[in-house]
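Student: Pasting in a structure now, in structure tokens, and then I'll have a few things to ask.
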Amino acid sequence: MHRSFPAIVFCTLIFEACTPTYQKYVSNYQFRNIDQPEYSSVDYWAASPGKNDPSDRVPAPLMKGYFLDTTVDVFFVHPTTFTNIKDERWNADINDADLNAKTDYSTILFQASVFNQANVYAPRYRQANLKAYFTIDTSRALNSFNLAYEDVRSAFQYYLDHFNHGHPIIIASHSQGSTHALRLLKEYFDGKPLQQKLIVAYLVGMNIPLNYFIALKPCVDSTQTGCFCGWRTFKRGHEPIFIARYKESYVTNPLNWTTGTDYAGFDLNKGAVLKKFNKLYPHVTDAQIHNSILWSNRPKFPGSFLYRANNYHIGDINLFYVSIRNNMQTRIRAYKKIIYYSKGRPLSISGFFKK
């Protein structure tokens with residue numbers, strides 16, 4: 001389970017998610033002392049339509065024209081926020097107030113909010129410690145990921161049983177969240193009846209192995225439904241040391257939404273959300289698929305000359321915030337059009353891969 005991702009948590013001055021501003025909210029997270037999450041309680045959802053949470057916030061420049069489509073659900077699996085590799089625990093305590101506040105005011109605010117033009121559900125789960133990605137103790141690492149996945153799976157099953165009410169579904173995730181979302185899609189959607197309710201899956205920040213799915217296919221354009229997208233972002237010209245091992249991976253360009261190597265220029269990037277949530281940075285970077293990763297030029301923003309990282313993992317979603325948001329709406333419209341023209345007749349799984 002050892003992986004050479006030393007920059008996976010590289011935090012810089014551009015991402016608010018790396019700062020400790022969440023600490024003023026810690027007192028709001030005094031949950032019951034239980035061993036595992038109870039998804040019947042809203043406390044164990046980082047985001048839910050049943051409460052006000054950071055995923056509900058909309059960057060001020062995007063408020064004009066904002067609307068909430070309550071007929072569509074997004075199930076978002078957040079990335080690793082349990083990043084203290086010196087901690088002896090392999091999985092997070094579901095009642096850890098500091099960690100829950102950190103999660104909500106980093107990834108839920110800056111990533112899950114991308115999808116808040118639909119109902120956003122994001123479960124808390126006993127996430128694996130970051131060290132599980134690097135350790136040579138593969139058995140321990142595997143156990144920690146399995147425990148985390150069991151929580152995600154339980155949350156999704158609870159969502160299906162109590163919240164879904166027949167709504168079409170978008171799966172969205174980043175980093176460790178994508179590790180679990182891949183398994184979730186395979187277990188619940190891939191060649192299963194539920195696949196017909198899948199609008200799209202955004203599996204960001206992790207390798208998506210070729211032939212991992214049987215029926216699910218990568219999206220080949222911006223309107224296709226019932227498919228998945230994914231990318232890992234690095235500075236143009238950088239060749240990660242793990243590239244040879246993970247060369248065979250699906251990649252989507254989040255600016256032109258194709259799987260080809262055509263260059264997508266800065267002009268296609270309509271806005272990034274970086275340190276200041278209520279400020280958009282248009283044309284901040286470009287995108288081009290290179291082997292199994294996404295290459296982008298160094299982001300352009302005030303003070304960007306100080307930004308020297310080669311791994312843009314922390315910004316996989318933030319750098320393309322508006323593009324992802326717009327694409328979600330495009331695919332929702334395409335999905336509803338398919339349903340409308342089917343006149344209520346069930347569609348075959350293969351029909352979902354037709355443009």
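Student: From 260, 237, which residue is small (Gly, Ala, Ser), at negative phi and outside any strand (DSSP E or B)?
Tutor: Testing whether each residue is small (Gly, Ala, Ser), at negative phi and outside any strand (DSSP E or B) leaves just 260.
Student: Could you check region 271-292 and list, in sequence order, the residues that are over 22 Å from residue 114 (Cα atoms) and surrounded by fewer than 22 Cβ atoms within 10 Å (Cβ to Cβ)?
Tutor: Selection gives 289, 290, 291.
Student: Can you confirm whether region 64-83 contains a residue that is in a loop (DSSP other than H, G, I, E, B), among the charged types (D, E, K, R) and farther than 25 Å from residue 280 by Cα?
Tutor: Looking for residues that are in a loop (DSSP other than H, G, I, E, B), among the charged types (D, E, K, R) and farther than 25 Å from residue 280 by Cα, one finds none in region 64-83, hence no.
To keep it simple, each residue is scored yes or no on (1) touching a helix residue (DSSP H, G or I) at 6+ places or on another chain (Cβ under 6 Å); (2) farther than 23 Å from residue 32 by Cα.
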position	(1), (2)
77	yes, no
80	yes, no
86	no, yes
94	no, no
100	no, no
108	yes, no
116	yes, yes
121	yes, no
126	yes, no
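Student: Mind listing whichever residues of region 167-193 are without any contact (Cβ under 8 Å) to a residue 24 or more places away in the chain and either among the small types (Gly, Ala, Ser) or not in a helix (DSSP H, G or I) (or both)?
Tutor: Selection gives 192 alone.
Student: How about region 112-139: which of its residues are among the polar types (S, T, N, Q) and part of a strand (DSSP E or B)?
Tutor: Answer for region 112-139, where residues must be among the polar types (S, T, N, Q) and part of a strand (DSSP E or B): just 119.
Student: Name, by its number, the condition in (1) part of a helix (DSSP H, G or I); (2) touching a residue at least 60 places away in the same chain (Cβ under 8 Å); (3) β-branched (Val, Ile, Thr) that does not hold for residue 103.
Tutor: Exception for residue 103: condition (2).
Student: Something else about it: Just checking, does region 99-111 include any residue being over 22 Å from residue 320 (Cα atoms), over 18 Å from the mean Cα position of the chain (by Cα) and among the hydrophobic types (A, V, I, L, M, F, W, C)?
Tutor: Yes, region 99-111 has at least one match.
Student: Across region 270-319, what is the total count of residues that are closer than 14 Å to residue 255 by Cβ and free of Cβ contacts under 8 Å to residues at least 12 places away in the same chain?
Tutor: Of the residues in region 270-319, 0 are closer than 14 Å to residue 255 by Cβ and free of Cβ contacts under 8 Å to residues at least 12 places away in the same chain.
Student: Answer yes if at least one residue in region 215-222 is modelled with pLDDT under 95, within 17 Å of the chain's Cα centre (by Cα), crowded, with 17+ Cβ neighbours inside 10 Å and not in a helix (DSSP H, G or I), and no otherwise.
Tutor: No: region 215-222 contains no residue that is modelled with pLDDT under 95, within 17 Å of the chain's Cα centre (by Cα), crowded, with 17+ Cβ neighbours inside 10 Å and not in a helix (DSSP H, G or I).
Student: Here's something else I'd like to know. Filter region 194-214 down to the residues that are over 16 Å from the mean Cα position of the chain (by Cα) and either free of Cβ contacts under 8 Å to residues at least 40 places away in the same chain or over 17 Å from residue 291 (Cβ atoms) (or both) and list them by number.
Tutor: Within region 194-214, 194, 195, 196, 197, 211, 212, 213, 214 qualify.
Student: Moving on to the next point. For residue 108, work out the one condition from (1) over 19 Å from residue 313 (Cβ atoms); (2) outside any loop (DSSP other than H, G, I, E, B) it doesn't fulfil.
Tutor: Against the list (1) over 19 Å from residue 313 (Cβ atoms); (2) outside any loop (DSSP other than H, G, I, E, B), residue 108 comes up short only on (1).
Student: What are the residues in region 294-310 that are crowded, with 20+ Cβ neighbours inside 10 Å and modelled with pLDDT of 95 or more, if any? Working first, answer last.
Tutor: We begin by selecting, within region 294-310, every residue crowded, with 20+ Cβ neighbours inside 10 Å; these are 294-296, 299.
The answer is 294, 295, 296.
Student: I'd like the full set of residues that are in a loop (DSSP other than H, G, I, E, B) and either closer than 23 Å to residue 114 by Cα or charged (D, E, K, R) (or both), limited to region 293-320.
Tutor: Result: 297, 298, 299, 300, 301, 302, 308, 312, 316, 317.
Student: Filter region 160-178 down to residues that are of a type outside the set (S, T, N, Q) and under 22 Å from residue 204 (Cα atoms) and give me whichever is surrounded by the fewest Cβ atoms within 10 Å (Cβ to Cβ).
Tutor: 168
Student: Out of the residues in region 20-60 that are in contact with a His (Cβ under 9 Å, 6 or more places away or on another chain) and in a loop (DSSP other than H, G, I, E, B), state the one that is nearest to residue 154 (Cα to Cα).
Tutor: Within region 20-60, the match that is nearest to residue 154 (Cα to Cα) is 39.
Student: So, in region 313-355, of the ones that are modelled with pLDDT of 95 or more and of a type in the set (Phe, Trp, Tyr), which residue ends up surrounded by the fewest Cβ atoms within 10 Å (Cβ to Cβ)?
Tutor: That would be 335.
The values are calculated or read from the model by the stated rules, or taken from the named source; none is laboratory data. None of the values given here were measured: they were computed from a predicted structure. Heads up, the Cβs are rebuilt from the backbone with ideal geometry, glycines too, and the neighbour counts pull from every protein chain shown.
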